[in-house]
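Just dropping this structure here.
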Amino acid sequence: MLQHEPDIEVVALAKGGREAVEAINRLKPDLVFLDVEMPGLDGFGVISQINYSPLPAVIFVSGNEEFALRAFEVNAVDYLLKPCKAERLQTAVHRARELLRRGFAPLAFPQANHEAPRKHHR
């Protein structure tokens, strides 16, 4: 869906959290789409290991809405639920563009356990 965004270039895809950390730190993107639940290291653990400044804007993506509050507590630009509609993605990208244009405030990293999130069954 990002191919319809002329100013967005996909520079890397990662299969897990540790691979995401390596790619983000090597490529230093302005914007990162990050799955919350990844093998090895969750999305919150990934952002805590970004080692450059200014930090990228982050849009979290998840099939589970239970992590949305935590995402906004670390100043994520947006939180997309899978499956994501094109209009919703466009809204998130527009929000990221505006924040980056104005000088996005860095992500916040509260002390937390960065193991893969556990699913809660009801």
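Taking amide H positions as placed 1.01 Å from N in the peptide plane, with prolines and chain starts having none, which residues 5 or more places from Leu34, or on another chain, fall under 5 Å of its amide H?
Distant-sequence amide H within range of Leu34: Ile59, Phe60, Val61.
Could you derive backbone 3J(HN,Hα) for segment 33-45 from the dihedral phi with the Karplus parameters 6.51, -1.76 and 1.60 (θ = phi - 60°), listing whole Hz in sequence and x where the residue is Gly or Pro?
Whole-Hz 3J(HN,Hα) from phi for segment 33-45: 9, 10, 6, 6, 9, 10, x, x, 7, 6, x, 5, x.
Rounded to whole Hz and in sequence order, give me ³J(HN,Hα) for segment 9-15 from the Karplus expression 6.51 cos²θ - 1.76 cosθ + 1.60, θ = phi - 60°, writing x for Gly and Pro.
Computed from phi, the couplings for segment 9-15 are 10, 7, 9, 6, 10, 10, 8 Hz.
How charged is the neighbourhood of Ala57? Take every other residue with its Cβ under 15 Å from the Cβ of Ala57, and add Lys/Arg as +1 and Asp/Glu as -1. If you can, show how the numbers build up before the last one.
Details: positive: Lys28, Arg95, Arg97, Arg101, Arg102; negative: Glu5, Asp7, Glu9, Asp30, Asp78, Glu98.
That sum, taken over residues with Cβ under 15 Å, equals -1.
Take the Cβ-Cβ distance between Gln49 and Asp7 as r, set R0 to 22 Å, and report the resulting FRET efficiency rounded to the nearest 0.05.
The formula returns an efficiency of 0.25 here.
Continuing with this model, one more query. Quick one: check the C-alpha center-to-center distance for segment 19-45 versus segment 54-100, whole angstrom.
Cα centroid of segment 19-45 versus Cα centroid of segment 54-100: 14 Å apart.
Only the coordinates and a few stated rules stand behind these numbers; no lab work does. Keep in mind that this is a model prediction, so the values were computed, not measured. For neighbour counting, all protein chains shown are included, and Cβ atoms are generated from backbone atoms with ideal geometry for every residue, glycine included.
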